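Accompanying notes for the structure given below.
What follows is calculated from the coordinates using simple rules that are stated; it is not laboratory data. The model shown is predicted, which means the values in this text are computed figures rather than measured ones. Glycine also receives a Cβ, built like all others from the backbone with ideal geometry; neighbour counts cover every protein chain displayed.
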Amino acid sequence: MVMLLYMISCLNGNVIYSSETYINERLNMKNIKDYNLEELKQELVDIGEKPFRAEQIFKWIYKEKVKEFEEMTNISLELRKKLKENYIMCNYKIIKKQEAKDGTIKYLFDVLDGNAIETVLMSYHHGYSICVSSQIGCKMGCKFCASTGIKFIRSLTSGEIVEQILAVEQDTGVRISNVVFMGIGEPLDNYDNVVNAIRIINNQKGLNIGARHISISTSGLVPQIYRLADENIQCTLSISLHATNNEKRSSMMPVNNSFPIEELIKACKDYITKTNRRISFEYALAKNSNDNIDDAKELVKLLKGMLCHVNLIPINKIENGTYTKSSNENIMRFRDFLNDNGIVATIRRELGSDIEAACGQLRRKNL
Ligand code: SAH
C-alpha cells in the first residue's frame, strides 16, 4: 500500500514520502558515502577488514559509479554481504526532473527518510556545474530568498551531499566539473558535513573535482569563515553581501544582526591572507533597494584593495516577495561603475529561470 501511494505521488511529481523500507533502512544503517577515504579505512579496520578495501570501495562508488555492493566484483562475496548488512548505498530516487530551455536540469530527490531536496545541473562552455543543497530547509531567513519560510528540518550528511553529484552523473552520463554550494541551506551552518563532503568530492580517489572548482556560498557566518581559512582547502568562498551598510543588510538578511558588515569584512580579509584565494562577493540587485550609484560607491569603498570579485545577480522575484529585479540598464550601470573604479564585477548569467531553478528560487513547498 505504502509503495503504491509512493508511486502515485511520484507520478504527480509532489511526493514527500518514501516507502517504509527506505525509512527503516535509513534509520538503522550507516551510509557508506558519509565516510571520507581515511575514515572508511578506519571503519573497515574496526570491522576486522584490511584498510586497502576502502580504496577499492571508493573506486567502485566514485569512479565506476555502481549503485549496489553486489557490483563490487573484486571484493569477496563474504565482505560484500557484510557491507550490505551494515551499510546503505543511499541511492536517491528521482521524484521529479525538469529541464529548462537553456538545458539546465532541476532535480527533486527523495533523500530516503521522507524528505526531498533540490539539486540543479547547469551547462556552461567550460563544462557542467552542479548546485547542491546542504540542508533540508534553511534557518537564515533572507527576505529575498525562496528557501526562507520553509520549515528547517535538518542538515544533510556528507554522503547525502555527495550523492546529489553521483545521482546526477548517473542519470545524465555527464562528468561534472564544478560544484557550488548554492542550493537550499546555509553550508556553513552544516560545517563539518560540508567540509567532509568537499574532502570526498576533491579526493583523487573520490570524485576528483579540484578544490578550485568547488565554491561555498555563505550568508556570512563569521566564526565558520575563520575556521574555513584554517582548513587548507583551496575552494572558493562566496559571500552573499547584497548591501553595503548594516541598516540595509540587516533589513534583507537577519544574519547581519549577529555578524555585522565590519566583522564580516574582517573575516574575509583574514581568509584572503591565509589562503591567498580571491573571494567572490554576491550582490543581488533589487530595484530601488540596493541598485543605485550611491550603493555602488559604498561597495567600492568597502571592497577597495581586497583580492575579490563581485558577482552581480539580477534578483529573482519570489512569490509574495517585495524585492523586484533591477532594470538591465541599472544592472549594467552598476557593473560599469564598479569596473571603472577598480573592482572586478561581472553579471551572472541566469540559468533555469523558466523552471524556477535560478538563484534563490529553490524551494519545495513540502520540505
Ligand atoms: N545560504 C547560502 C547559499 C544559498 S543561496 C548563502 O546565503 O550564500 C545562494 C545564492 O543565491 C546566495 O548568494 C543568495 O543570496 C542568492 N539568492 C537567494 N535568493 C535570491 C534571489 N531571489 N535572487 C537572486 N539571488 C538570490
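Quick notes
- Mean ellipticity per residue at 222 nm, deg cm²/dmol - from DSSP H runs of n ≥ 4 across the chain, formula -39500 (n - 2.57): -10500 deg cm²/dmol
- Loop-resident chymotrypsin sites (Phe, Trp or Tyr not before Pro) (DSSP state other than H, G, I, E or B) in segment 230-303 with no more than 10 further Cβ atoms inside 10 Å of their Cβ are absent.
- Listed residue pairs exceeding 27 Å between alpha carbons, taken from Lys63/Lys139; Lys139/Lys297; Lys50/Lys205; Lys139/Lys205: Lys63/Lys139; Lys139/Lys297; Lys139/Lys205
- Comparing Ser215, Ala229, Cys145 along the charge dipole axis of segment 128-235, the residue lying farthest to the positive side is Cys145, per the Cβ-charge model.
- The length gained by stretching the chain between Lys139 and Gln204 to full extension, at 0.36 nm per residue less their Cα-Cα distance, is 20.1 nm.
- The label-point distance for Asn341 and Glu319, in a model that sets each label 7 Å from Cα toward Cβ, rounds to 3.8 nm.
- Each 10 Å bin from zero holds the following percent of Cα-Cα pairs in segment 142-234: 14, 48, 31, 7, 0.
- Most mobile listed residue (Val45, Val255, Val195) in the chain, GNM with C-alpha springs under 10 Å: Val45
- Residues Asp230, Asp34, arranged from fewest to most other Cβ atoms within 10 angstrom of their Cβ, appear as Asp230, Asp34.
- The order of Phe109, Phe337, going from fewest to most other C-beta atoms within 10 Å of their C-beta, is Phe337, Phe109.
- Full extension of the chain segment joining Leu77 with Ala211 gains 44.7 nm, where the gain is 0.36 nm per residue of separation less the Cα-Cα distance.
- Shape call, segment 58-188: gyration tensor on alpha carbons, a/c limit 1.5: oblate
- Loop GluC sites (Glu not before Pro), segment 221-286 (other Cβ atoms within 10 Å of the site Cβ: 16 or fewer; DSSP): Glu231
- For the chain, the Cβ-based charge dipole about the Cα centre amounts to some 400 debye (Lys, Arg positive; Asp, Glu negative; other atoms uncharged).
- Neighbourhood charge, 9 Å Cβ-Cβ cut-off, centred on Lys33 and excluding it, Lys, Arg +1 and Asp, Glu -1: -3
- Note on segment 274-367: Rg/Rh from Cα positions, Kirkwood definition for Rh, rounded to two decimals, is 1.02.
- Burial ordering of Thr244, Thr322, fewest other beta-carbon atoms within 10 Å first: Thr322, Thr244
- With the convex hull drawn around the C-alpha atoms of segment 45-93, the volume per residue stands at 80 Å³.
- Calculated on the alpha-carbon coordinates, the convex hull of the chain measures out at 138 cubic angstrom per residue.
- Here the simple spin-label model places points 7 Å from the Cα toward Cβ, and for Asn246 and Lys151 these points are separated by 3.5 nm.
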